[in-house]
Amino acid sequence: VVVRVSGPTATVCEEGRLIEARLAPKLPGRPVVAGDRVTLRAAGNERTVVAIDPRRTLLERGDGWERRARPLAANADLRVFPAGVAAPPLRPRLLDRYLVAAEVGGLEAAIAITKTDLPHDGSELEEVVDLYRSVGYPALCGSAHDAEFVERLREQIGGRVAVLAGHSGVGKSTLTAALTGVERATGAVSERIGTGRHTTTDPRLIPMPSGGAIVDTAGVRTFHLPRMDREQLERGFPEIAAAAPDCRFRGCAHDGDAGCAVVDAVSPPRLESYRRLLHDLR
Ligand code: GDP
Ligand code: ZN
C-alpha cells in the first residue's frame, strides 16, 4: 500500500514495513497516490513499482483552469470534510462541492464541523447540520482540541480509511495529530531525502493506533472539483439522483424544466448548489 509519493519515489508499506520504491517510468495508471495498492519488483536492493491495482474508490481534484482530474487518494472508504464554524466561516456551497467529489469517487462522506468553541451563530449551525443529516450525511460538531469530539470522529471512521480534506485553517492538522498521534508541521512535511532538503505536500496515509487510517491532505492548499459530466454531477447529490426518475422527461436537468420532480423534493440551498455547478459544467 502506497503511503506517500514524493516525485519519482513512493513510500510503500509491505507487510508492516516501510520501504522506498522507484516509480517505473511507464507505469500504467500514473500518477500513483496514497492508498494505491501496487506491485513491486525487486532487483538487488532496489524496489520498483511496476503496477497499480484497480482502484476501489478514487478521490480526485481539478487541476488548473481546465480542472483536469488529478487523483488525491485511492481506495479510501470515507471522506471526512472538516469545516470551521467560524474563522473561516461555514460555507455550505463549498461543502457541497466536496461532497460531490466524494460521491463521484465512490467514497462515503461525513462532515466534521470544528471551532464550535469560538463565537458563532448557533441557529445557523443547527440549520446546516439538520440539512446535511436529512440528506444522509453524518455531521459532527465540536472543537478539534476537545478529546471527546476527536473520539466521536474516531468512532465514525472506525477501522476504515478516511481522507481528511477541506480548506486551510479548518483543523485538519489538529485532528490528524489527535487521531493518529503523529504531529505534522503546519503546511507541509519537510524531511531529508538524499542530500538535499525536500518538502512534500503530497497526501500521506497515517495509520491510527485504534485501527483504520487517515489520509492527511494538509499540504493540499486548494480544492477544485474535477471536470465532470451532468450524470456525474447528479450522482454527486444523492437526493437529486433519488428524485430524478420522477421527472417527466428523461435527461431532465432540474433547472426549471417542465414536470421536474426534483424541485419539490430537494431543499432550496442544495438545489441552488447543484444548479450553480451545472452552469459551471459548460
Ligand atoms: P489545517 O490548515 O486545516 O490543517 O488547520 P490546523 O489544524 O492547522 O488549524 C488551524 C488553526 O486553528 C490552529 O491554530 C489550530 O489550533 C486552530 N484550531 C483548529 N481547530 C480548532 C477548534 O476546533 N477550535 C479552535 N478554537 N481552534 C482550532
Ligand atoms: Zn428534473
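The values are calculated or read from the model by the stated rules, or taken from the named source; none is laboratory data. What you are looking at is a predicted structure, and each value in this text was computed from that prediction instead of being measured. Neighbour counts are summed over all protein chains in view; Cβ atoms, including those assigned to glycine, are modelled from backbone coordinates with ideal geometry.
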> R154 is checked against (1) modelled with pLDDT under 95; (2) more than 30 Å from V266 (Cβ to Cβ); (3) under 20 Å from the mean Cα position of the chain (by Cα) and fails just one. What number does that condition carry?
Replying inline: (1)
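Residues being part of a helix (DSSP H, G or I), of a type in the set (D, E, K, R) and touching a Leu at 6+ places or on another chain (Cβ under 7 Å): count how many of those fall in segment 137-164. If you could, list the steps in order and put the result at the bottom.
Of segment 137-164, the ones part of a helix (DSSP H, G or I) are 147-157.
Okay, now just the ones that are also of a type in the set (D, E, K, R), so 148, 151-152, 154-155.
Applying the additional criterion that residues be touching a Leu at 6+ places or on another chain (Cβ under 7 Å) yields 152, 154.
Selection size over segment 137-164: 2.
Condition check ((1) within 16 Å of ligand 1 (Cβ to nearest atom); (2) surrounded by 12 or more Cβ atoms within 10 Å (Cβ to Cβ); (3) of a type in the set (G, A, S)) across all residues:
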residue	(1), (2), (3)
A242	no, yes, yes
R248	no, no, no
D257	no, yes, no
A261	no, yes, yes
L271	no, yes, no
L278	no, yes, no
> Taking the stated definitions as given, is A110 free of Cβ contacts under 8 Å to residues at least 60 places away in the same chain, buried (at least 19 other Cβ atoms within 10 Å of the Cβ) and of a type in the set (G, A, S)?
Replying inline: yes
>> Of the residues V2, V104, only one is under 21 Å from the mean Cα position of the chain (by Cα), farther than 27 Å from A242 by Cα and touching a residue at least 12 places away in the same chain (Cβ under 8 Å); which?
In response: V2
> Mind checking which residues of segment 11-65 are of a type in the set (D, E, K, R) and touching a residue at least 40 places away in the same chain (Cβ under 8 Å)?
Replying inline: R56, E60, R61, D63
> Mind checking which residues of segment 229-268 are under 19 Å from E103 (Cα atoms) and among the aliphatic types (A, V, I, L, M)?
Replying inline: L233, I240, A241, A242, A243, A244, A253, V262, V266
> Which residues, counting only those in segment 1-39, are surrounded by fewer than 15 Cβ atoms within 10 Å (Cβ to Cβ) and among the acidic types (D, E)?
Replying inline: E14, E15, E20
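State the number of residues belonging to segment 59-89 that are of a type in the set (A, V, I, L, M) and surrounded by fewer than 20 Cβ atoms within 10 Å (Cβ to Cβ). Before you say what the answer is, go through the steps one by one.
Just the residues of segment 59-89 that are of a type in the set (A, V, I, L, M), to begin with: 59, 69, 72-74, 76, 78, 80, 83, 85-87.
So of that shortlist, the ones also surrounded by fewer than 20 Cβ atoms within 10 Å (Cβ to Cβ) come out as 69, 86-87.
Qualifying residue count, segment 59-89: 3.
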